[in-house]
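The structure appears right after this line, and notes come after that.
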Amino acid sequence: MKNRTWIAAAAIGLVAATPATAQISGEGGPIRVNADRSEVVEKQRQVILTDSVDIMQGDARLRANRVTLNYSGSGETQTTGLSGFGDISSMEAVGEVFYVTPELKATGDNGVYDAAQDTITLTGNVVLIRGEDVATGERLVMQLSEGRTVLDGGSGQVQMNINPNQTEEGENAEASN
């Protein structure tokens, strides 16, 4: 039987102890992590979270089968503590990736968060949902600080289903009359 409580507590302690600048939410704040397993690879400055990974920050949530946190720290790592890695430079998510905020839901096969570029990129069978609008493609790039999303169809075309009667809150304008 897996000891999920201990592993989740270790993962939470690891992320909370690290002064991360990574953001999955525009609000910032504490990052909460749940996973069945966490592995620290000190020499490569990585934390690998596997199975039922669920990362939450503010009103945003990232779920995947596996997430690797890459750190940009300099100098020697500390083997007695978890704060020697530095800032999170990127996150790589693999397998059934879900990124959810109040404004959108996005899914894909793989995802990468790049702190330096402040982007989230989803690839493979991408579905983007905003209210009742749905778009599909092969590569989605969300430029977080700019509030810009770009969806590429890959070898095919971007497919969209747009509801023009939708209000900003995602409600159907006809239904609210």
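Observations on the structure shown:
- Karplus-derived 3J(HN,Hα) values for segment 142-151, using 6.51 cos²θ - 1.76 cosθ + 1.60 with θ = phi - 60°, are 10, 8, 4, 5, 8, x, 10, 10, 10, 10 Hz; glycine and proline are entered as x.
- Using the Cβ of G154 as centre and a radius below 13 Å, the other residues enclosed give a net charge of -2, where K and R count +1 and D and E count -1.
- Local charge for Y71 was computed over the other residues whose Cβ lies under 11 Å away, with Lys and Arg +1 and Asp and Glu -1, and equals -1.
- Estimated vicinal HN-Hα couplings, Hz - segment 157-162 in sequence order (Karplus 6.51, -1.76, 1.60; Gly, Pro = x): 10, 6, 10, 9, 10, 10
Rule-based calculations on the coordinates, nothing more; no lab input. Worth saying up front: this structure is predicted, and the values here are computed from it rather than measured. Note: ideal-geometry Cβ built from the backbone for every residue, glycine included; neighbour counts use all protein chains shown.
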